[in-house]
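*Asks:* There's a structure below that I have some questions on.
The values are calculated or read from the model by the stated rules, or taken from the named source; none is laboratory data. Here the structure is a predicted model, which means the values were calculated and not measured. No Cβ is skipped: glycine too gets one built from the backbone with ideal geometry, and neighbour counts run over all protein chains shown. Note: areas computed on protein heavy atoms with side chains; ligands, DNA, RNA excluded. Shrake-Rupley method; radii C 1.70, N 1.55, O 1.52, S 1.80 Å.
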Amino acid sequence: YTTTLYFAQNTKMQSGNLIEPTVVDGVVKQIGKDENASQVVDGRRFETITRQYSITINTAGKTTISPSQFEGQVSTAKRGYRFGPITPVIIQADTLDVNIQAQPKDYKGEWLVSDFVQLNEELQPSQENYQQGEPITRTITLTVANVDKSALPDLAISWPQTVKIYPDKPQLTDFAQQGHYFSQQVLSFAIIPNQLGELTLPEISVPWFNSKTQQQEWA
């Protein structure tokens, strides 16, 4: 959800507050920082402030996004004067009606819907052979686009009996990149094998629903 506020070049904003949109049973989160620019519309130059939000709605069916709005005070330059009297201003965008599709009945696993899900792992030290008693650190990173970090799934791992596991506390972060909002979960485990020979670490699979292809996939 992108909000752009236009104010004429001969208008000075004395004070103002850009209020975020609201939804019922959902999460609204600002993406990144405001972008300031200028734009010519019908031969008239405007200064602009653009702000982006990520909106996640949790209930299927028809719902409404109540619009963002601006409340502030402005003054306009007049001939012979620098700026005129201060005028209070309250404006808002249009209300949006949207339809939220329900989870498909044939979907299997914990529900996760996105247009990008990536699962990476790293072993430290990275080598084929390890000495007995030498700890191996396995780090798992789950990155999901346009999903709040509180909605990321738990990564359940069934470790073999031939190792001792010392997990670190999970790290949850979020960040904005090129106008998109990403959430990330990082899990790190110290692995100490207690037997000689070949060690096979268990596969980790995350089911998710691709909102672009409308199909279930696995990371």
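*Asks:* Share of the chain's accessible area from carbon and sulfur, percent, 1.4 Å?
*Replies:* Summing carbon and sulfur atoms, their accessible area is 47 percent of the total for the chain.
*Asks:* Separate question: When only C-alpha pairs under 8 Å and at least 6 residues apart count, what is the relative contact order of the chain, in percent?
*Replies:* For the chain, the relative contact order is 18 percent.
*Asks:* Return the FRET efficiency for the residue pair VAL24, TYR166: r is the Cβ-Cβ distance, R0 is 45 Å, and the value is rounded to the nearest 0.05.
*Replies:* 0.55
*Asks:* Further question: Given ILE100, SER54, GLY84, which one lies farthest toward the positive end of the charge dipole of the range 36-119, if we put +1 on the Cβ of every Lys and Arg and -1 on the Cβ of every Asp and Glu?
*Replies:* The listed residue farthest towards the positive side: GLY84.
*Asks:* Right, something else. Return a single number: how many Lys pairs in the chain, at a sequence separation of 8 or more or on separate chains, have alpha-carbon atoms below 24 angstrom apart.
*Replies:* 13
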